[in-house]
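Okay, so here's the structure we're looking at.
The values are calculated or read from the model by the stated rules, or taken from the named source; none is laboratory data. Since the structure is predicted, the reported quantities are computational estimates derived from the model, not experimental observations. A quick note on method: Cβ atoms are made from the backbone with ideal geometry, for glycine too, and the neighbour counts reach across all protein chains shown.
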Amino acid sequence: MTSLLIITSVEKLQTRVNSVVKSFKNIPGIYVSLNKTQKSTENILRKNKINTNKIFFIDCVTSEKTKEDVLHIAPDQLDLLSSAINTFIKDIKGKKFLVVDALSTLLIYNDENKVVKFVKEVTEYASQNDVKVTAFSPKTKGEELLNKIFNFFDEVKKR
Amino acid sequence: MKKILLLAFLIAGIILAQKNVEASSFNIQITIPNDYKIMHPGEELMASIKLVNLGSSGREDVFLDYWITGPEQNVILQRKETVAVETQANFIRFFDIPEDAGLGKYCLHFKVTDFNGKESTAEHSFEVAQTHIDRQVSYWFAGILAFILLIYIISKSRPMLKRLQMQVRVSRMVKKRLK
């Protein structure tokens with residue numbers, strides 16, 4: 001299994017994210033944060049005793065550069081976001097993971113079909129490069145989108 | 001009697017005809033410098049004229065006729081003057097090309113008539129092309145077009161440059177953290 005879509009309630013979303021990231025242990029990975037700032041996400045992960053040293057954050061919430069080693073990409077720039085993810089996947093050698101938190105946020109800034117295209121590109125590239133992809137989405141948001149992207153994931157879990 | 005009259009007319013006709021076709025003793029050379037071979041409406045054409053008197057050794061007054069014909073053989077300019085020539089004469093003449101002259105091939109004609117009415121002619125062609133102003137406007141237009149194209153290319157290549165910049169940054173980040 002290389003790609004997983006987790007659909008969960010808004011309340012449980014962060015807990016699920018924490019447990020997934022924790023399960024990757026010391027594997028380097030990419031964390032695409034679409035609904036929280038990198039600072040806030042990193043704080044939450046650290047509070048949950050998750051080592052963030054090998055996690056590369058792509059912050060789609062903060063527009064200004066806060067840290068040298070964090071990428072800031074606007075959520076409406078899907079091409080750039082996809083390209084950044086691909087570059088990380090290419091440059092990180094060995095095992096790696098990709099977490100997208102949370103997919104449905106992209107619908108606020110983009111046309112549904114563009115989001116579908118983005119998901120397809122990312123999951124395809126990830127599967128070709130042995131990357132464990134986990135995307136999260138709150139239950140209530142973007143039902144139509146979720147129906148369209150189900151097929152791009154190896155597994156879909158509704159919790 | 002009739003025969004005599006007819007013969008007299010015939011002889012007179014031959015003499016007159018001979019007089020008409022007889023060329024003057026002048027050899028003419030017209031030169032238009034290369035810089036003036038392509039003119040623009042409103043400019044001044046320069047021509048260098050060389051007259052060589054092959055017949056007479058003394059000073060002789062001659063009549064000069066200049067005219068310029070346009071692409072449709074219409075005369076656009078005409079001028080006359082009298083000059084005194086001994087054995088040879090060189091002179092430069094300027095001719096104003098009218099502002100409304102159409103574009104195309106033109107011809108500068110030159111005729112020398114000596115005191116006996118004998119004539120020699122010469123001609124030289126030149127071209128009237130688009131004006132400098134028109135050309136300048138074209139250059140400006142091309143320049144503006146090139147500028148717009150450049151802006152378009154820059155704007156189109158900006159996302160690509162941004163992506164490249166981001167890729168370099170990602171590579172650096174990964175190298176730095178996972179070394």
query = Given the conditions (1) surrounded by 21 or more Cβ atoms within 10 Å (Cβ to Cβ); (2) touching a strand residue (DSSP E or B) at 6+ places or on another chain (Cβ under 8 Å); (3) not aliphatic (A, V, I, L, M), and given that A:Thr105 satisfies all but one, which numbered condition is not satisfied?
reply = (2)
request  = Run B:Ser171 past the list (1) out of contact with any Asp or Glu (no Cβ under 6 Å at 6 or more places or on another chain); (2) within 14 Å of chain A (Cβ to nearest Cβ) and report the number of the one that doesn't hold.
outcome  = (1)
request  = Answer yes or no as to whether B:Pro98 is within 14 Å of another protein chain (Cβ to nearest Cβ) and either farther than 30 Å from B:Val62 by Cβ or within 15 Å of the chain's Cα centre (by Cα) (or both).
outcome  = no
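Looking for something over 16 Å from B:Thr31 (Cα atoms), more than 20 Å from the chain's Cα centre (by Cα) and at pLDDT 90 or above - is there at least one such residue anywhere in segment B:81-93? Before you say what the answer is, go through the steps one by one.
Quick first cut of segment B:81-93, residues over 16 Å from B:Thr31 (Cα atoms) only: B:81-87.
Cutting the leftovers down to more than 20 Å from the chain's Cα centre (by Cα) gives us B:81-87.
Filter once more, so that each one left must be at pLDDT 90 or above: B:81-82.
Checked segment B:81-93: at least one residue is over 16 Å from B:Thr31 (Cα atoms), more than 20 Å from the chain's Cα centre (by Cα) and at pLDDT 90 or above.
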request  = Go through the residues of segment B:132-143 one by one and say whether even a single one is within 14 Å of another protein chain (Cβ to nearest Cβ) and either in contact with a helix residue (DSSP H, G or I) (Cβ under 7 Å, 6 or more places away or on another chain) or without any contact (Cβ under 8 Å) to a residue 12 or more places away in the chain (or both).
outcome  = no
key: Subset of segment A:1-56 [surrounded by 19 or more Cβ atoms within 10 Å (Cβ to Cβ), within 24 Å of A:Gln128 (Cα to Cα) and within 14 Å of chain B (Cβ to nearest Cβ)]   = A:Pro28, A:Gly29, A:Ile30, A:Tyr31, A:Val32, A:Ile55, A:Phe56
ask   = Quick check: anything in segment B:119-132 surrounded by 14 or more Cβ atoms within 10 Å (Cβ to Cβ), at pLDDT below 90 and touching an Asp or Glu at 6+ places or on another chain (Cβ under 8 Å)?
value = no
remark   = Filtering segment A:52-79 down to residues that are in a loop (DSSP other than H, G, I, E, B) and within 14 Å of A:Ser40 (Cβ to Cβ) yields A:Thr52, A:Cys60, A:Val61, A:Thr62, A:Thr66, A:Lys67, A:Val70
ask   = Would a scan of segment A:2-15 turn up a residue that is more than 16 Å from the chain's Cα centre (by Cα) and not in a helix (DSSP H, G or I)?
value = yes
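Do we have A:Lys114 as surrounded by fewer than 22 Cβ atoms within 10 Å (Cβ to Cβ), at pLDDT 90 or above and more than 30 Å from A:Asn53 (Cβ to Cβ) here?
Working: surrounded by fewer than 22 Cβ atoms within 10 Å (Cβ to Cβ): yes; at pLDDT 90 or above: yes; more than 30 Å from A:Asn53 (Cβ to Cβ): yes.
The answer is yes for A:Lys114.
Regarding B:Leu51, is this residue surrounded by 15 or more Cβ atoms within 10 Å (Cβ to Cβ) and within 18 Å of the chain's Cα centre (by Cα)? Quick ask: steps written out before the conclusion?
On the way: surrounded by 15 or more Cβ atoms within 10 Å (Cβ to Cβ): yes; within 18 Å of the chain's Cα centre (by Cα): no.
For B:Leu51, the condition - surrounded by 15 or more Cβ atoms within 10 Å (Cβ to Cβ) and within 18 Å of the chain's Cα centre (by Cα) - is not met.
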task = Looking only at segment A:81-90, decide whether some residue is in a loop (DSSP other than H, G, I, E, B) and either among the charged types (D, E, K, R) or within 25 Å of A:Asn110 (Cα to Cα) (or both).
result = no
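Have a look at B:Val83, B:Val137 and point out the one that is β-branched (Val, Ile, Thr) and surrounded by 13 or more Cβ atoms within 10 Å (Cβ to Cβ).
Numbers: B:Val137 fails: surrounded by 13 or more Cβ atoms within 10 Å (Cβ to Cβ).
Of B:Val83, B:Val137, the one residue that is β-branched (Val, Ile, Thr) and surrounded by 13 or more Cβ atoms within 10 Å (Cβ to Cβ) is B:Val83.
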ask   = Taking into account only those residues within segment A:83-139 that are under 25 Å from B:Gln165 (Cβ atoms), aliphatic (A, V, I, L, M) and in contact (Cβ under 8 Å) with a residue 60 or more places away in the chain, which is nearest to the other protein chains (Cβ to nearest Cβ)?
value = A:Ile92
ask   = Quick check: anything in segment B:65-76 modelled with pLDDT under 90, surrounded by 11 or more Cβ atoms within 10 Å (Cβ to Cβ) and among the aliphatic types (A, V, I, L, M)?
value = no
ask   = When you go through A:Phe153, A:Phe88, A:Phe136 one by one, which is the residue that is touching an Asp or Glu at 6+ places or on another chain (Cβ under 9 Å) and surrounded by 15 or more Cβ atoms within 10 Å (Cβ to Cβ)?
value = A:Phe136
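Does segment B:108-115 include one or more residues that are at pLDDT below 90, aromatic (Phe, Trp, Tyr) and in a loop (DSSP other than H, G, I, E, B)? Lay out the reasoning, then the answer.
From segment B:108-115, those at pLDDT below 90 are B:114-115; that's our starting set.
Checking the rest, the ones that are also aromatic (Phe, Trp, Tyr) come to B:115.
Subset that is in a loop (DSSP other than H, G, I, E, B): B:115.
Scanning segment B:108-115, I find at least one residue that is at pLDDT below 90, aromatic (Phe, Trp, Tyr) and in a loop (DSSP other than H, G, I, E, B), so the answer is yes.
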key: Residue, farthest from B:Leu178 (Cα to Cα), within segment A:63-82, restricted to residues that are surrounded by fewer than 17 Cβ atoms within 10 Å (Cβ to Cβ) and more than 12 Å from chain B (Cβ to nearest Cβ)   = A:Asp76
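Tell me which residues, restricted to segment A:16-26, are within 16 Å of the chain's Cα centre (by Cα) and not charged (D, E, K, R). Walk me through how you get there before you give the answer.
Initial filter on segment A:16-26 (within 16 Å of the chain's Cα centre (by Cα)): A:16-24.
Scanning segment A:16-26 gives A:Val17, A:Asn18, A:Ser19, A:Val20, A:Val21, A:Ser23, A:Phe24.
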